[in-house]
Every structure is written in C-alpha cells, then in structure tokens.
Amino acid sequence: MAKRTKGKCKYCGKEYTFSYMNKHLPVCEERQKKWAEETGGKKTGYFELAIYPKYNREHWLYVEIKETALLKDLDRFLRDIWLECCGHLSAFDINGVCYDVMPQDNFFWGEPAKSMNYKLKSVLEKGMTFGYEYDFGSTTELMITVVNYRIRNNGKEKLIILSRNNPVETLCEECGKKSAVYICTQCYYEGGGWLCEDCAETHECGEEMLLPVCNSPRMGVCGYCGSDIYPDQFVPDIYSIKG
Ligand SMILES: [Zn+2]
Ligand SMILES: [Zn+2]
Ligand SMILES: [Zn+2]
C-alpha cells in the first residue's frame with residue numbers, strides 16, 4: 001500500500017508531502033530570509049537533489065550538496081542515512097555511465113565502470129534524473145532528481161538535509177494495539193510481519209528473523225538495522241534553535 005508521507009521543512013518546520021515539498025523549498029520564507037542574510041563572502045554552486053526509492057514514495061529526502069562534492073560523498077551519505085548494512089557494493093548510473101564504488105579493471109562485458117571520484121558538477125545537470133543501486137544482490141534501487149541548482153555563499157558543510165519523510169507508524173499485526181518496532185523478515189516477504197515489543201517475544205518465526213523498524217527503504221532487507229548517525233525523525237532548525 002502506497003502511503004503519502006509528509007516531512008518537515010528544515011527552515012520553517014512546516015509539513016508537506018514529497019511533491020509539495022519540492023514546490024515549497026524554493027519559496028520557503030524562512031529559507032529566503034537566510035539567503036537574504038548571505039552577503040559578501042565566497043560563492044559556490046549547490047545542487048538540490050530529490051532522492052527516493054524507484055518503486056515507492058514513502059521514503060524520500062531533499063538535500064543540498066556542493067557542486068564540488070564527489071559522487072563518493074553522496075554514496076557515503078546514502079549509506080549513512082538509509083542503506084549501510086554490511087558494506088555491499090554500490091553504483092550510480094548517470095546517462096548510461098556506471099560509476100562504481102569499487103570499479104574492476106578486468107571487465108569482461110562492455111565498458112569498464114568509472115570510479116566515484118568525480119565532482120558532481122562534472123556529471124550532473126539541473127533537471128536530470130539518475131539511478132543508484134546499493135547491494136547488487138538484495139538491491140535497494142534509488143532515483144535521484146536534480147531539482148535545482150543555485151549559487152550562494154560557500155558554507156561549511158558539503159551536504160545539508162532540507163527535508164526528509166517523517167517515520168511511518170505501523171500498528172503491530174498481532175495485537176493491533178501497539179506500534180510495531182520489529183519487522184519479521186519471514187512474514188514481511190509475504191506482506192506482513194509488523195510486531196510490537198511484546199508480540200515479538202512470542203512470534204513464531206523466531207528472534208533471528210526480526211529486524212528493527214526504521215525510516216529507510218532498506219528496512220527489512222538483508223541485515224539492515226537503521227542509521228547510527230541520523231535519527232529517524234528529521235529535526236528542523238527552528239526546533240533546535242528554540243531547544
Ligand atoms: Zn519551509
Ligand atoms: Zn547486507
Ligand atoms: Zn503486538
């Protein structure tokens with residue numbers, strides 16, 4: 001079942017769906033105030049990316065990333081926030097060219113893959129959509145659209161999260177009362193398997209089948225246990241400033 005999740009804007013904290021957030025971000029008043037304060041200083045180009053799984057829009061991210069960042073920086077971020085389970089391979093597919101995290105030189109079929117040591121500005125263009133895959137076995141396939149490009153003051157961070165879908169709460173399928181905190185990978189395969197803390201203890205498939213519920217398109221896949229770096233709920237600036 002496709003869920004239209006909402007997420008919070010980094011600058012004003014307002015909640016919108018994936019497609020509406022794309023319209024909001026360029027016109028957000030709080031963000032525009034920030035831009036207006038940027039005077040003088042060194043300028044640099046930033047790409048704004050919408051990142052989403054190929055087959056649903058339940059999970060999504062908007063990020064701003066420096067044009068001088070490398071593809072491997074983007075790869076690192078995607079692993080950190082959504083994907084890393086056991087160091088699988090990954091690759092970008094940009095205009096039919098493959099940029100691989102570990103390119104092989106002894107390639108047997110077709111063109112050898114390129115490395116990820118390319119600056120974004122040498123491979124990306126506003127308006128384009130490209131693909132990304134993590135783990136060539138139980139693959140998580142993502143799509144990335146370059147929704148904007150803008151020149152502004154050169155900030156410290158290479159990458160800033162502008163918005164992210166809020167975690168989706170799902171009720172436990174056994175008791176139907178509490179929130180699910182585990183997914184049984186055995187049952188998930190058949191389209192179920194959501195379990196609360198209590199029901200997980202007595203679930204028939206066994207403990208080794210359980211993975212934690214987390215805010216990622218890789219939830220329930222391989223041994224994915226969630227991000228160690230990014231909390232599931234994205235916190236807008238407006239809250240952190242006011243404490
Ligand atoms: Zn906003
Ligand atoms: Zn894995
Ligand atoms: Zn339960």
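The values are calculated or read from the model by the stated rules, or taken from the named source; none is laboratory data. Here the structure is a predicted model, which is why all the values come from computation and not from measurement. Please note: Cβ atoms are built from the backbone with ideal geometry, for glycine as well, and neighbour counts cover all protein chains shown.
General observations
- Residues of region 186-226 that are loosely packed, with under 12 Cβ neighbours inside 10 Å, away from ligand 3 (no atom under 16 Å from the Cβ) and not acidic (D, E): Y189, G191, G206, G223.
- Residue satisfying all of: in region 156-185; of a type in the set (G, A, S) and assigned to a loop (DSSP other than H, G, I, E, B); surrounded by the most Cβ atoms within 10 Å (Cβ to Cβ) among these: A180
- Hits in region 1-50 - residues which are over 18 Å from M128 (Cβ atoms), surrounded by 12 or more Cβ atoms within 10 Å (Cβ to Cβ), modelled with pLDDT of 95 or more and acidic (D, E): E15, E30
- Residue count for region 214-232, restricted to those that are among the hydroxyl-bearing types (S, T, Y) and more than 18 Å from L195 (Cα to Cα): 2
The rows are residues; the columns are (1) touching a Ser or Thr at 6+ places or on another chain (Cβ under 6 Å); (2) assigned to a loop (DSSP other than H, G, I, E, B); (3) surrounded by 15 or more Cβ atoms within 10 Å (Cβ to Cβ).
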{"position": "Y52", "(1), (2), (3)": "no, no, yes"}
{"position": "L74", "(1), (2), (3)": "no, no, yes"}
{"position": "F77", "(1), (2), (3)": "no, no, yes"}
{"position": "I81", "(1), (2), (3)": "yes, no, yes"}
{"position": "F92", "(1), (2), (3)": "no, no, yes"}
{"position": "M102", "(1), (2), (3)": "no, yes, no"}
{"position": "E125", "(1), (2), (3)": "no, yes, no"}
{"position": "S138", "(1), (2), (3)": "no, yes, no"}
{"position": "Y149", "(1), (2), (3)": "no, no, yes"}
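- Candidate set from region 29-50 (those that are in a strand (DSSP E or B) and not basic (K, R)); member that is farthest from G7 (Cα to Cα): T44
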